[in-house]
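Asks: Please find one structure pasted underneath; my questions will follow.
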Amino acid sequence: MFPRLPALLILLAVLALPLACHSAEPRNLDSAKQEITRYIDSGDYFRNLAQVAEQAERYLTQRLGEPAKPGQKLAIVFDIDETLLSNLPHMRPLGFGYVPPLWNEWVVAGTAPVIEPFAKIYHIAQAHGVTAFLISDRREKDRSGTAKNLHLHSLANYAALYLKPDASHDTAAAFKTAMRKKITEQGYTIIANLGDQESDLTGGYAEKTFKLPNPFYITE
Ligand SMILES: [Mg+2]
């Protein structure tokens, strides 16, 4: 009896194989878009942003209350898109699609609205002598529109705005980690790193990270 059992199991596995190979139909794109639209229009997106900002503010207040080590220079790192600046007015009419020429026009115009709760964090940090660094997956060619847009919202007095070289093939995570390493090598202690993508936050070189919601796209 016993030697037959493995053969039976193999037979059952072979019979089950075609079933395992067929995956379920993917989620419908229109329903995903409708869900995102509801997330925005219900105010939940903005409430979730505000919650993360509250956590960051609470942490910052506690961290800045700690006695500073002699000569220690504190820094804070922000991502730009969907962290300090909102691209909703651009993305929404396009059904959250990405059309490179239209995206470029939007960046050049430099009129993206600010995400207030995080602009507030930026100003609180600076008021406490924490140096702000901006690291974005935008390209060097986007520098003037990006700088203009930040200036529009009084977010201009950063120590550096790191943008990806135009020809770079680095992932966002690799580029951003390298920039935080560079900041650290300049003698700064990065006390917080804030961004809407996992690729903003992985790779270390920050005491604490804060993940903002972004159901619109993924940057790897
Ligand atoms: Mg972003």
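Asks: Looking at (1) under 21 Å from the mean Cα position of the chain (by Cα); (2) more than 16 Å from the ligand (Cβ to nearest atom); (3) under 28 Å from residue 147 (Cβ atoms), which is the only condition residue 90 fails?
Replies: (2)
Asks: Taking interchain pairs and intrachain pairs at least six residues apart, which have beta carbon atoms under 7 angstrom, with the first residue in segment 69-95 and farther than 17 Å from residue 213 by Cα and β-branched (Val, Ile, Thr) and the second away from the ligand (no atom under 16 Å from the Cβ) and in a loop (DSSP other than H, G, I, E, B)?
Replies: Short answer, once both residue conditions are applied: 76/130.
Asks: Suppose the filter is modelled with pLDDT under 95 and either under 28 Å from residue 33 (Cβ atoms) or touching a Cys at 6+ places or on another chain (Cβ under 6 Å) (or both); does residue 116 pass it?
Replies: When the stated conditions are applied, residue 116 does not pass them.
Asks: Can I ask one more? Is there a residue being touching a strand residue (DSSP E or B) at 6+ places or on another chain (Cβ under 8 Å), small (Gly, Ala, Ser) and in a loop (DSSP other than H, G, I, E, B) anywhere in segment 134-157?
Replies: No - not one qualifying residue is present in segment 134-157.
Asks: Which condition breaks for residue 210 when tested against (1) within 14 Å of the ligand (Cβ to nearest atom); (2) assigned to a loop (DSSP other than H, G, I, E, B)?
Replies: Going through the list (1) within 14 Å of the ligand (Cβ to nearest atom); (2) assigned to a loop (DSSP other than H, G, I, E, B), residue 210 breaks only (2).
Asks: Looking at segment 200-220, I want the residues that are within 17 Å of residue 138 (Cβ to Cβ) and polar (S, T, N, Q) and have a partner that is assigned to a loop (DSSP other than H, G, I, E, B) and within 15 Å of the ligand (Cβ to nearest atom) with Cβ atoms under 8 Å, at least 6 apart or on another chain. Which pairs are those?
Replies: From segment 200-220, the pairs are 214/82; 214/196; 214/197; 219/197.
Asks: Continuing with this model, one more query. Confirm whether residue 193 is surrounded by 15 or more Cβ atoms within 10 Å (Cβ to Cβ) and part of a strand (DSSP E or B).
Replies: yes
Asks: When only residues in segment 198-220 that are polar (S, T, N, Q) and touching a strand residue (DSSP E or B) at 6+ places or on another chain (Cβ under 8 Å) count, which is nearest to residue 119 (Cα to Cα)?
Replies: 209
Asks: Among (1) under 26 Å from residue 178 (Cβ atoms); (2) modelled with pLDDT of 95 or more; (3) not in a helix (DSSP H, G or I), which single condition is residue 122 missing?
Replies: (3)
Asks: Now, a different point. Regarding segment 178-190, can at least one residue be identified that is closer than 30 Å to residue 65 by Cβ, surrounded by fewer than 19 Cβ atoms within 10 Å (Cβ to Cβ) and within 16 Å of the ligand (Cβ to nearest atom)?
Replies: Among the residues of segment 178-190, not one is closer than 30 Å to residue 65 by Cβ, surrounded by fewer than 19 Cβ atoms within 10 Å (Cβ to Cβ) and within 16 Å of the ligand (Cβ to nearest atom), which makes the answer no.
Asks: A further question on this structure: Keeping to segment 158-186, report how many residues are outside any helix (DSSP H, G or I) and of a type outside the set (A, V, I, L, M).
Replies: 10
Asks: Give 70, 18, 101 a once-over and let me know the one that is at pLDDT below 95, assigned to a helix (DSSP H, G or I) and loosely packed, with under 10 Cβ neighbours inside 10 Å.
Replies: 18
Residue by residue, here is whether (1) more than 19 Å from the chain's Cα centre (by Cα); (2) within 16 Å of the ligand (Cβ to nearest atom) holds:
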{"position": "69", "(1), (2)": "yes, no"}
{"position": "113", "(1), (2)": "no, yes"}
{"position": "119", "(1), (2)": "no, yes"}
{"position": "122", "(1), (2)": "no, yes"}
{"position": "135", "(1), (2)": "no, yes"}
{"position": "138", "(1), (2)": "no, yes"}
{"position": "146", "(1), (2)": "no, yes"}
{"position": "160", "(1), (2)": "no, no"}
{"position": "165", "(1), (2)": "no, no"}
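Asks: I would also like to ask the following. For segment 117-131, give me each residue that is out of contact with any Phe, Trp or Tyr (no Cβ under 9 Å at 6 or more places or on another chain), over 25 Å from residue 46 (Cα atoms) and not aliphatic (A, V, I, L, M).
Replies: 128, 129
The values are calculated or read from the model by the stated rules, or taken from the named source; none is laboratory data. Since we're looking at a predicted model, the values are computed, not measured. Reconstructed Cβ throughout: ideal geometry from the backbone, glycine too, with neighbour counts over all protein chains shown.
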